[in-house]
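A quick write-up on the structure given underneath.
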Amino acid sequence: MKGALDLEKLPKHLAIIMDGNGRWAAEKGKNRLFGHKNGIQSVRAIVEESARLGIQHLTLYAFSTENWQRPKEEIGTLMRLLVQSLRSEFEKLLENNIKLQAIGQIETLPRSVQNELLHVINKTAINTNMTLTLALSYGAREEIVSATKKLSELVKNNLISPDDIDESALNEHLYTQQLPDVDLLIRTSGEQRISNFLLWQIAYAELYFTDVFWPDFREKSLHSALLNYQQRERRFGKTSAQINA
Ligand code: IPE
Ligand code: IPE
Ligand code: MG
């Protein structure tokens, strides 16, 4: 399997909806916390393998705007695990020359999370091997609304005219402004939906759904997804003949 991967044809931007921690734990008769803890092992494995292969941008959906509706205790647990992982993984990020970023309503996260995030973001800002973007309190609709507000302010203050609003102008006001469009979007756990993730940025992404629960999604599963991606023909509206010319 691994040998067949073409390292010249990797997605430039890989995005993952990490789903199924709770169901993975339930299958083992354990609580959801156990699932989330094991999910962190997968995050570590996938981040390291993506960097090793040479993927330039990896974006992980870790907490959605809708996830605030979960029970208070689960939210608390997730936030605590987030702080712990940022602390424990910090050295690895430095070692692997990975730059951390965060997208979403970061100001709505607990102070402890914000502080730890900012610390790691600052310390890894000059790293160049791979950009790791964590989507936290992220919702694509909120992102598009907030970009629209920013553009409206610019128009109101006569800094731009309505005619200046085009796709690239909107793109520049999204949280992901520094990132290229998503090439491959993976969702684990068998659910086949987007759940308000990167709606704008996945306009032409290849979608890959797997039944594997996130805590079981490790290097091998990533290779399978990448191999599948490499067998697809991305036409972007053109014909197959045009692409192969
Ligand atoms: C993904 O696993 C983690 C987060 C959304 C934070 P879930 O917690 O959604 O697990 P399931 O989908 O209930 O199994
Ligand atoms: C999507 O997973 C959000 C994250 C992975 C962070 P959910 O488990 O919250 O999605 P839905 O609600 O089942 O669609
Ligand atoms: Mg879920």
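Quick notes
- Note on the stretch 152-186: residues that are assigned to a loop (DSSP other than H, G, I, E, B) and either surrounded by 16 or more Cβ atoms within 10 Å (Cβ to Cβ) or not β-branched (Val, Ile, Thr) (or both) amount to 18.
- When residues of the stretch 11-64 are limited to those that are part of a helix (DSSP H, G or I) and touching a Ser or Thr at 6+ places or on another chain (Cβ under 6 Å), the one nearest to ligand 2 (Cβ to nearest atom): Ile40
- Within the option set Ala135, Ala51, being away from ligand 1 (no atom under 16 Å from the Cβ) and either surrounded by 15 or more Cβ atoms within 10 Å (Cβ to Cβ) or of a type in the set (Ser, Thr, Tyr) (or both) holds for one residue only, Ala51.
- Just one of the listed residues (Glu233, Glu167) is more than 25 Å from Glu49 (Cα to Cα) and modelled with pLDDT of 95 or more, and it is Glu167.
- Test result for Lys37, basic (Lys, Arg) and in contact (Cβ under 8 Å) with a residue 40 or more places away in the chain: yes
- Neighbours by Cβ (under 6 Å, 6+ apart or cross-chain): first from the stretch 178-193, within 20 Å of Met130 (Cβ to Cβ) and more than 9 Å from ligand 2 (Cβ to nearest atom); second among the acidic types (Asp, Glu) and not in a loop (DSSP other than H, G, I, E, B): Leu184/Glu206
- Residue match in the stretch 96-107 (condition: within 16 Å of ligand 2 (Cβ to nearest atom) and surrounded by fewer than 18 Cβ atoms within 10 Å (Cβ to Cβ)): yes
- Taken over the stretch 132-151, the residue count meeting the criterion of being outside any helix (DSSP H, G or I) and under 17 Å from Glu66 (Cα atoms) is 6.
- Pairs linking a residue in the stretch 6-21 that is within 19 Å of Leu132 (Cα to Cα) to a residue that is of a type in the set (Val, Ile, Thr), with Cβ atoms under 6 Å and 6 or more positions apart or on different chains, are Leu10/Ile55; His13/Val182; Leu14/Ile55; Ala15/Thr59; Ala15/Val182; Ile16/Ile186; Asp19/Thr188.
- Condition check for Arg44: among the basic types (Lys, Arg), more than 8 Å from ligand 1 (Cβ to nearest atom), within 27 Å of Ile106 (Cα to Cα) and in contact (Cβ under 8 Å) with a residue 12 or more places away in the chain: yes
The values are calculated or read from the model by the stated rules, or taken from the named source; none is laboratory data. What you are looking at is a predicted structure, and each value in this text was computed from that prediction instead of being measured. Heads up, the Cβs are rebuilt from the backbone with ideal geometry, glycines too, and the neighbour counts pull from every protein chain shown.
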